[in-house]
Amino acid sequence: MSLNVLGFAAQSADSALAAHRFVRRDPRADDVVIDILYCGVCHSDLHQARNDWGGSMFPLIPGHEIIGKVTQVGRDVKSFRVGDMVGVGCMVDSCQQCESCQAGLEQYCMEGFTGTYNSKDRQDGQVTFGGYSEKIVVAEKFVLRIPEKLDPCSAAPLLCAGITTYSPLRHWNVQPGDKIGVVGLGGLGHMALKLAKGMGAEVTLFTRSPGKESEARRLGADHVVLSTNEQQMAQVAGHFDLIIDTVPTQHDINPYTATLKLNGTVVLVGLIGNIEPAPHTGPLIMGRRTVAGSLIGGIAETQEMLDFCAEKGITCDIEMIDMQYINEAYERMLNSDVKYRFVIDIASLKQSA
């Protein structure tokens with residue numbers, strides 16, 4: 001039976017988000033139906049709603065940091081029951097056959113994963129709609145269990161900002177005592193600080209803003225380096241095992257590559273597009289250093305991240321908002337005026353019913 005659902009949608013690239021009724025697909029045998037309680041607000045929501053990257057399909061309902069309760073399960077569902085607290089991140093399907101999917105790396109599906117919104121369902125071709133809505137229907141394999149120790153509202157951004165920074169820390173095998181740098185103190189950056197510290201690393205924030213030191217230390221940074229201060233940058237030359245670069249706009253990464261140890265890596269998780277100026281190959285060649293990229297994480301790794309955060313008491317710093325505030329929230333996000341992630345209380349949707 002189809003579900004008539006209320007959400008907030010962009011009707012075009014230049015329209016404000018507003019209330020919009022739509023129909024969710026019929027639940028299948030392996031599906032979980034979820035009443036959404038909270039949904040985090042990601043920069044990519046704004047970019048897709050405004051078609052900044054091209055390819056947006058309207059009406060577009062954003063949201064891929066979803067927390068909710070199970071209200072219905074299909075006959076083939078084994079892992080979830082009605083009443084379970086669950087999450088849905090950036091993906092709702094993948095081919096599940098390619099080498100990446102078989103390795104539990106669905107985010108690198110050779111056919112491309114199915115996004116939680118602004119994507120096309122692999123079975124019926126319908127456009128997917130995200131978490132700025134009352135309910136969602138998702139295949140069991142792409143549903144995550146939220147540990148009881150995690151506060152559900154502040155756990156929502158872990159499903160994107162959390163896993164985006166956790167995955168490279170795990171892939172590059174961060175160990176206690178490793179020297180980790182984090183570039184940028186936004187939604188991703190503040191999670192990178194917390195997660196790296198939780199893994200026992202010595203953590204340094206690179207920032208252009210002198211006033212962020214006390215905040216960075218509150219979030220777990222052991223050191224703060226002003227990236228515009230040549231003397232401070234020279235003092236950390238050849239220092240870092242790994243740097244997580246969370247800056248989402250074009251910037252010069254060459255000052256950071258010079259701070260890597262032999263075999264060190266700068267991992268880009270924020271910037272999508274050209275690197276300008278281009279990386280200078282000298283420091284890379286002379287120190288066998290690497291510039292790499294990383295994309296969210298697979299489903300198993302995302303569950304591992306949630307369990308790790310529950311064990312270590314790590315959540316996202318959030319500002320709770322009503323759904324009707326989303327357009328103002330987008331403008332504030334553009335001005336970096338949030339510490340550090342907006343989360344929508346989906347109960348507020350009732351005001352627009």
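Table for the structure above
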read-out	value
Rounded to 5, percent antiparallel among DSSP beta bridges of the chain	55
Karplus (6.51, -1.76, 1.60) ³J(HN,Hα), θ = phi - 60°, over region 146-160, in Hz, Gly and Pro reported as x	8, x, 4, 6, 8, 5, x, 6, 7, 7, 3, x, 4, 6, 10
Cut-off under 5 Å, modelled amide H: who pairs with Val225 long-range	Leu205, Phe206, Thr207
For region 70-160, Kirkwood radius (reciprocal of mean inverse C-alpha pair distance, Å)	14.2
The chain: proportion of alpha-carbon pairs further apart than 29 angstrom, %	39
Accessible-area order (highest first, 1.4 angstrom probe) of the listed residues Glu99, Glu213	Glu99, Glu213
3J(HN,Hα) from dihedral phi, region 136-143, Karplus parametrisation 6.51/-1.76/1.60, rounded to Hz, x for glycine, proline	8, 10, 9, 4, 3, 4, 10, 9
Dipole magnitude (debye, nearest 20) for the chain, charges at Cβ of Lys, Arg, Asp, Glu	280
Solvent exposure ordering (accessible area, 1.4 Å, most first) of His47, His190, His223, His171	His171, His223, His47, His190
Accessible surface, region 25-171, averaged per residue in Å² (probe 1.4 Å)	40
Ellipsoid semi-axes in whole angstrom, largest first, where each is sqrt(5λ) of the Cα gyration tensor of region 120-238	35, 16, 14
For Asp178, residues with placed amide H under 5 Å, excluding near neighbours	Glu202
Per-residue HN-Hα couplings for region 320-334 [Karplus 6.51, -1.76, 1.60; θ = phi - 60°; Hz; x = Gly/Pro]	7, 9, 7, 4, 5, 8, 4, 5, 5, 4, 4, 5, 5, 4, 4
Cα long-axis angle, helix 187-198 against the chain (0 to 90 degrees, to the nearest 10)	70
Pairwise label distance in nanometres, Asp121 with Asn327, each label 7 Å out on the Cα-Cβ vector	3.0
Modelled FRET efficiency - R0 22 Å, His171 with Ala278, Cβ distances, 0.05 increments	0.35
With DNA, RNA and ligands ignored, accessible area of Val23 (1.4 Å probe; Å², nearest 10)	80
Protection proxy ranking, peptides 104-112, 50-58, average beta carbon neighbours within 10 Å, highest first	104-112, 50-58
In Å², nearest 10: area of Lys141 left accessible to a 1.4 Å probe	100
Gain in span if fully extended, Val23 to Lys350, counting 0.36 nm per residue against the direct Cα distance	116.0 nm
Carbon + sulfur, % of accessible area of the chain - ligands and nucleic acids excluded, 1.4 Å	49
Folded to 0 to 90 degrees: helix 161-171 orientation relative to the chain principal axis, Cα	50
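The values are calculated or read from the model by the stated rules, or taken from the named source; none is laboratory data. Please read these numbers as outputs of a predicted model, since none were measured by experiment. Cβ atoms come from the backbone with ideal geometry, glycine included; neighbour counts cover every protein chain shown. These area figures cover heavy atoms from the full protein model, side chains too; ligands, DNA and RNA do not enter into them. Shrake-Rupley method; radii C 1.70, N 1.55, O 1.52, S 1.80 Å.
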